[in-house]
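Report on the structure given below.
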Amino acid sequence: MPTENWVIVGIFLGFALLELARSNLLHKPEQTRDDWIVELVSTVLLLAVTQPLILLAVDRMLGAWQPDWRGALAGLNVFAAIGLFLVFDDMMQYWWHRASHSTHWLYNLHRAHHNARYMSVRLVYRNNLFYYAMMPGIWLSAVLVYLGLGWVYAGYLVVKLLVITGAHSDVAWDRPLYRIKALSPVMWLVERTISTPSTHHMHHGRHADDPAVNYKGNYGNLLFLWDVLFGTAKITRSYPQSYGVENLPPAHFGQQLAWPLVPENKVMEPEAEARPAARPSRA
């Protein structure tokens, strides 16, 4: 596993220990056995298999096709290099994520991430196994690594994971800062620049009629700025009453991890059918 992935694991464990001390890392509200299976399998496979294999595949393909390109950008200014990753990885992930909430088949690959009825660091890499394998940003980042920006990518990933792990945690680091009046201008800028617990939790909220929910927006990963620029931002400095999906049939761990290899369940549970029809589907 690449060195930066071990650093990422360290960041994850740091936030996990914080959750363990401040909330309840191992036993979340409405948690099921399937949740643990999906989170463990998807996280391990991404960090240990999918991402390393994509880096290797791109290296081999470009090495055979364009060997002269190897290391071509190695001398690029570090700020320009970071800018390339912000555009070709983070902005691309914004559009990939946005498309995942607009296209039924793509949402089926992403549903696992929203199926949990809680927030936690455990959700960061919780997705269908094919979701990351198809993610354009990972492939484009691998191209930039081939071009000589691997050293920048390692540092960029550490910062990115620090932000998104904090944004998924149910220990909301931004909540106490909002209460400090002197920090109000700073937080105004922060919440429009990077993903925070408040803005990202809204994306995971269960019910559309909850004022603190925006699951058809707040798609940003590292930068929330993309939502601000592309008109999908909602900022309330509040948190949803509940998390998960609504108006969808239940999905067991096989469907969450391996659809379309495992068929989609289309049978609504009785209590789900009885819910008000006014609330829109997520996909």
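Within the stretch 49-58, is even one residue within 23 Å of Leu109 (Cβ to Cβ), part of a loop (DSSP other than H, G, I, E, B) and out of contact with any Pro (no Cβ under 8 Å at 6 or more places or on another chain)? No, the stretch 49-58 has no match at all.
Taking the stretch 88-104 as the range and being part of a helix (DSSP H, G or I) and buried (at least 18 other Cβ atoms within 10 Å of the Cβ) as the test, the residues that pass are Asp89, Asp90, Met91, Met92, Gln93, Tyr94, Trp96, His97, Arg98, Ser100.
Select from the stretch 120-141 the residues that are farther than 26 Å from Pro29 by Cβ and assigned to a loop (DSSP other than H, G, I, E, B) and write down the one among them that is farthest from the chain's Cα centre (by Cα). Among residues in the stretch 120-141 that are farther than 26 Å from Pro29 by Cβ and assigned to a loop (DSSP other than H, G, I, E, B), the one farthest from the chain's Cα centre (by Cα) is Met134. All conditions but one from (1) at pLDDT below 95; (2) surrounded by fewer than 23 Cβ atoms within 10 Å (Cβ to Cβ); (3) in contact with a helix residue (DSSP H, G or I) (Cβ under 7 Å, 6 or more places away or on another chain) apply to Ser120; the one that does not is (2). No other residue among Leu84, Leu76 is assigned to a loop (DSSP other than H, G, I, E, B) and closer than 30 Å to Ile194 by Cβ apart from Leu76.
Restricting attention to the stretch 119-129, does a residue exist that is over 18 Å from Ser195 (Cβ atoms) and either of a type in the set (Phe, Trp, Tyr) or free of Cβ contacts under 8 Å to residues at least 24 places away in the same chain (or both)? Scanning the stretch 119-129 turns up no residue that is over 18 Å from Ser195 (Cβ atoms) and either of a type in the set (Phe, Trp, Tyr) or free of Cβ contacts under 8 Å to residues at least 24 places away in the same chain (or both).
Scanning the stretch 171-211 for residues that are of a type in the set (Val, Ile, Thr), part of a loop (DSSP other than H, G, I, E, B) and surrounded by 14 or more Cβ atoms within 10 Å (Cβ to Cβ) yields Val171, Thr193, Thr196.
If we scan the stretch 228-239, do we find a residue that is exposed (fewer than 15 other Cβ atoms within 10 Å of the Cβ), modelled with pLDDT of 90 or more, of a type outside the set (Lys, Arg) and part of a loop (DSSP other than H, G, I, E, B)? Scanning the stretch 228-239, I find at least one residue that is exposed (fewer than 15 other Cβ atoms within 10 Å of the Cβ), modelled with pLDDT of 90 or more, of a type outside the set (Lys, Arg) and part of a loop (DSSP other than H, G, I, E, B), so the answer is yes.
The values are calculated or read from the model by the stated rules, or taken from the named source; none is laboratory data. Values in this document were obtained by computation on a predicted structure and should not be read as measured data. Counting neighbours? That spans all protein chains shown, and the Cβs are built from the backbone with ideal geometry, glycine included.
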